[in-house]
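Input: a single structure, listed below in structure tokens.
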Amino acid sequence: MAGLLAILQLAAQSVPVNTRLLHGMWPATWITCPGAPARDYGVYHFRKAFSLEAKPAHFIVHVTADNRYRLFVNGKPVCSGPARGDLYNWYFESIDIAPYLKQGNNTIAALVWNMGTLAPVAQVSNSTGFLLQGDTEKEYAVNTGNGWKVLHDSAYTPCSTDNGARLHAYIVTGPGDAVQGNSYPWGWEQPEYKDDAWAAAVPVGTGTTPVGYGTDNYWTLAPRNIPLFEETQQRIQVIRRSSQPVSPAFLTGAAPLSIPANSHLRILLDQTFNTVAYPELHTSRGKDAVIKLTYAEALFDKDGQKGNRSSIEGKEILGNYDIFQPDGGSNRTFRPLWFRTYRYLELEISTGTEPLEITDLYGMRTGYPLQLKASFSCNDSSLRQIWETGWRTAQLCAGETYFDCPYYEQLQYEGDTRIQSLISLYTSGDDRLMRKALLDFYHSRTPDGQPQGRYPSNRLQVIPTFSLFWVTMIHDYWMQRQDDAFLRQFMSAVKDVLDWHERGIDSATGMLGPLSWWSFIDWLPGLDNFSNGQENNSAIRTLHYAFTLAQAAQLADYFGQKENAAHWRQLAASLNQHTYQLCFDQGKGIFADAPSKKSYSQHANIMGVLSGAISGSQIHSVLDKVLTDKSLSQATFYYRFYLTQALKQAGMADVYYSQLGPWRDMLALGLTTFAEKPEPTRSDCHAWASSPNYDFLATICGIMPDAPGFRRVLIAPAPGALTTINGSLPHPAGSITVSLKRKNERGISGVVTLPPGLTGRFSWRGREVALHEGSQQINF
């Protein structure tokens, strides 16, 4: 069933929507449970029985809920949603449920839940509700409204609500689920279930309308613009520790795990790699037993440190958990409402007067269906593990938005998302999640024109440096895709972001003065004064602004906004000049962080290169100091991405291969995904640290767009000490592949293949050759 579900969900992304439903009020109405608090925690089951004269060839429905739902047809799980958005863009899923239907009686059922005040910060909400709309009149029989029944499920209560305090960390992904089996309506989704005692669902609000229509809307609907999640069964690999002997056969489903009555058992399981999945626990008997499932990316020692992630000696699990209490029945299944992130899963089981059987336990791996279409190899086989670990990290951080991290936040930040988007484009060629991210931030804008620092979010946070990275994301997309109509809508918002920063220029210095909100730069104590506004005239922020102005000027030129382009170029030059005059320390030969010259960082000098404030021969001397002077505040994994871009801009890209030590260090510590920052780190899975999956192709192989829309390609390989490199990446026209070998210290040869219609140039140590579509020999 898992394989079929994945196939059907992937196909569902292309299901069309009747145009009538996009231009006015829907016949279906939002429904809820009578008497249930509209905005409080609650779990609900909805059902509708209907009859068909014949099995249909197609039966398209559009479905959504607040907060979330899981849809069943004749007892089979069909899809989950909605994709997270906001009240102005409340997404609905469209799916053809005909494969699940039959002639005669049928049942559609939905599990709907609202986490209330315990909801993840990424979850925007109005009130508990469910909506299902048939695509045409032949499907209207299933519309939510009359004939739908509902049950408020008292089996659920929230648990693990103190995660932040126990983990001493910012964790905002929602509570765990505590489920009392003796109160759960087992079989509620099956057609034969008797729902005579259920209440009639009641309507919510006054109408159901798409974007651009209606008044007094509770939710304004928009079609889901990304594919549905897929689910694939994933077996847990190893029993690492157990308080009593346990056969590993139960992990394969080959034999049940039997726990006697009146006993206690703790089992530590190891997936052997970090994952995002719905754990599914199958039990029989065990009335009054209590099963606690605890999830963690790593174990902790007595000092709260993780150490080597594969070592368990002297360590205990600490993390988010669920609790299931079986009712004693056969073939019971516990599955949490939302997926869990884990490498380690601990079962703590206490039985009552009846023995318990765990008949199976596995995960249903889930997430955005990124497909790896790129490849990379070289003569250094150790880079393969970096590539594979980075890909896993990128996958786990791709959901209905780009997650900064799947365990702790599941929030979409521009600073993270800009890097994640490039990784997605280069490894999968899939731009849909990037498009959604650009729109999400566009929809998040505050009255002063700033996109929020993370969105969707039910708490306001503005990060001006991340607003600038949103503009850079627009520039990235412009270079990667020919999509002018989509991009043009953002240009007025780009101007708002840049105008807001311009109003913050200090007239006395010509640099940015104190800025409101949180001007985050990097996870470094030495930069705190600039993040929290204690020190004005930050060279990093001013040069970052100049860097963004130059990119925005290119966009403005392209879209015919010549006056804006000229102004932004002039302003960038002025900011660069003033910052150089006030912050460049001639004695040290590098930028200080501010005119006071009390602190120095890699970051200011990275941005000095990227903005063009440093030019000529001085670029190399500055970057040499950035790479060697350990007294500078050091960039973490996040800002090392920009260090690489600065090296490329300076013609020093060959240095990149020698800079992979931090990633090798993570692998040596047993990490199976890349972390948020160097040790000690909170998150063990942070996609901004997966930048090698972009740079192996964009820097080592040197494959870059050379014109907007990737209409031309520049291939400027930088193998460093590597002697052979092979790479392939998806382009809108096909695949770009390179296979190169160093001939001697200065020579290179090999084959480059471009897809039909694509041309470009190959650059090597100051020499160039034109590239044409198809295969061609390179020989320098």
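The values are calculated or read from the model by the stated rules, or taken from the named source; none is laboratory data. All figures in this text were calculated on a predicted structure; none of them were measured in a lab. Heads up, the Cβs are rebuilt from the backbone with ideal geometry, glycines too, and the neighbour counts pull from every protein chain shown. Surface areas here come from the heavy atoms of the whole protein model, side chains and all, with no ligands, DNA or RNA. Shrake-Rupley method; radii C 1.70, N 1.55, O 1.52, S 1.80 Å.
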Between His264 and Ala733, what FRET efficiency comes out of the Förster formula 1/(1 + (r/R0)^6) with R0 = 60 Å and r the beta carbon distance, rounded to 0.05?
0.45
Express the Stokes-Einstein translational diffusion coefficient of region 631-780 in µm² s⁻¹, to the nearest whole number, given a Kirkwood radius over alpha-carbon pairs, 37 °C and a viscosity of 0.692 mPa s.
199 µm²/s
Partners for Lys302 among aspartates and glutamates (Cα-Cα distance below 14 Å; same-chain residues under 8 apart left out):
Glu313, Glu316
Give me the extension gain from Thr333 to Ala54: residue separation times 0.36 nm, minus the current Cα-Cα distance, reported in nm with one decimal.
97.2 nm
In nm, to one decimal, how far is the modelled label at Lys562 from the one at Ser243, with both set 7 Å along Cα→Cβ?
7.8 nm
Dipole magnitude of region 202-352, debye to nearest 20 (Cβ charges: Lys/Arg +1, Asp/Glu -1, about Cα centre)
300 debye
Select from region 231-287 those trypsin sites (Lys or Arg not before Pro) which occupy a DSSP coil region and have at most 14 other Cβ atoms within 10 Å, ordered by residue number.
Arg235
Full extension between Asp484 and Gln554 adds, at 0.36 nm per residue less the Cα distance, a length in nm of 23.8 nm
Leu347 neighbourhood, Cβ < 10 Å, K/R = +1, D/E = -1, net charge 0
With equal scatterers on the alpha carbons only and no solvent term, can you work out the Debye log10 of I(q)/I(0) for the chain at 0.05, 0.06, 0.11 1/Å?
-0.28, -0.41, -1.29
In region 135-242, what % of DSSP beta bridges are antiparallel (nearest 5)?
75 percent
For region 265-368, which GluC sites (Glu not before Pro) are in a loop by DSSP, counting at most 16 other Cβ atoms within 10 Å?
Glu313
Return one quarter of the surface area of the convex hull spanned by the alpha-carbon atoms of region 313-394, equal to its mean projected area, in nm².
9.4 nm²
How far is the Cα center of region 274-346 from the Cα center of region 184-209, in Å?
31 Å
Roughly how many whole Å is it from the C-alpha centroid of region 394-438 to that of region 712-775?
27 Å
Evaluate region 378-520: find the radius of gyration of its Cα atoms, find its Kirkwood radius, and give the ratio Rg to Rh.
1.03
Relative contact order for region 431-474, counting Cα pairs under 8 Å that sit 6 or more residues apart, in percent:
30 percent
15 Å cut-off, amide nitrogen to a point 7 angstrom out along Ser574 Cα→Cβ, residues in region 492-514:
498-513
Could you tell me what percent of the accessible area of the chain is made up of carbon and sulfur, with a 1.4 Å probe and every protein chain present?
51 percent
Along the charge dipole of the chain, pointing to its positive end and built from +1/-1 on Cβ of Lys, Arg, Asp and Glu, which listed residue (Ala165, Gly504, Met115) has its Cα farthest out?
Gly504
Could you size up the charge dipole of the chain around its Cα centre, putting +1 on the beta carbon of Lys and Arg and -1 on that of Asp and Glu, and report it in debye to the nearest 20?
1300 debye
Find how many whole Å separate the alpha carbon centroid of region 110-131 from the alpha carbon centroid of region 459-494.
29 Å
Can you tell me the relative contact order of the chain? Whole percent, Cα pairs under 8 Å, sequence separation 6 or more.
11 percent
Read phi for every residue in region 356-370 and hand back ³J(HN,Hα) as whole Hz from Karplus 6.51 cos²θ - 1.76 cosθ + 1.60, θ = phi - 60°, with x for Gly and Pro.
10, 10, 8, 7, 5, 7, 7, x, 10, 4, 9, x, 4, x, 4
Rounded to the nearest whole number, the Stokes-Einstein translational diffusion coefficient of region 34-191 at 20 °C and 1.002 mPa s (Kirkwood radius, C-alpha pairs) in µm²/s is 127 µm²/s
How far apart, in nm, are two points set 7 Å out from the Cα along the Cα-to-Cβ line at Gln581 and at Ser599?
2.6 nm
Pairs from Lys625/Lys741; Lys48/Lys76; Lys598/Lys630 whose Cα-Cα separation, in the structure shown, is over 23 Å:
Lys625/Lys741
Rounded to the nearest 20 debye, what is the charge dipole size of region 504-610 about its Cα centre when +1 sits on each Lys and Arg Cβ and -1 on each Asp and Glu Cβ?
160 debye
Return the loop-located trypsin sites (Lys or Arg not before Pro) in region 547-619 (DSSP other than H, G, I, E, B) with at most 15 other Cβ atoms within 10 Å of their own Cβ; answer none if there are none.
Lys588, Lys598
Can you pull a Stokes-Einstein diffusion coefficient for region 381-463 at 20 °C (1.002 mPa s), Rh from Kirkwood over Cα pairs, as a whole number of µm²/s?
159 µm²/s
In terms of the charge dipole of the chain, which places +1 on Lys and Arg and -1 on Asp and Glu at the beta carbon, the residue among Ala646, Gly453, Ile236 farthest towards the positive end is Ala646
Of all DSSP beta bridges in the chain, what percent run antiparallel (nearest 5)?
90 percent
Filtered hits (aspartates and glutamates, Cα-Cα < 15 Å from Lys315, offset >= 8 within chain) -> Asp270, Glu297, Asp301, Asp303, Glu346
Over 15 Å [Cα-Cα, region 451-545], rounded percent:
64 percent
Bounding extents of region 26-94 in its principal axis frame from Cα atoms, largest first in Å, are 41, 27, 25
In percent, how large is the relative contact order of region 439-590, given Cα pairs closer than 8 Å and 6 or more residues apart?
20 percent
Less than 12 Å Cβ to Cβ from Asp430, Lys/Arg counted +1 and Asp/Glu -1: what total charge do the surrounding residues give?
+4
May I ask you to list the aspartates and glutamates whose Cα is less than 13 Å away from that of Lys436, ignoring any residue fewer than eight positions away on the same chain?
Asp86, Glu400, Glu414
Inter-label distance, nm, simple model (7 Å from Cα along the C-beta direction), Trp186/Ser516:
5.8 nm
Select from Thr64, Ser574, Tyr694 the residue farthest towards the positive end of the dipole of the chain; place +1 on Cβ of Lys and Arg, -1 on Cβ of Asp and Glu, and compute about the Cα centre.
Tyr694
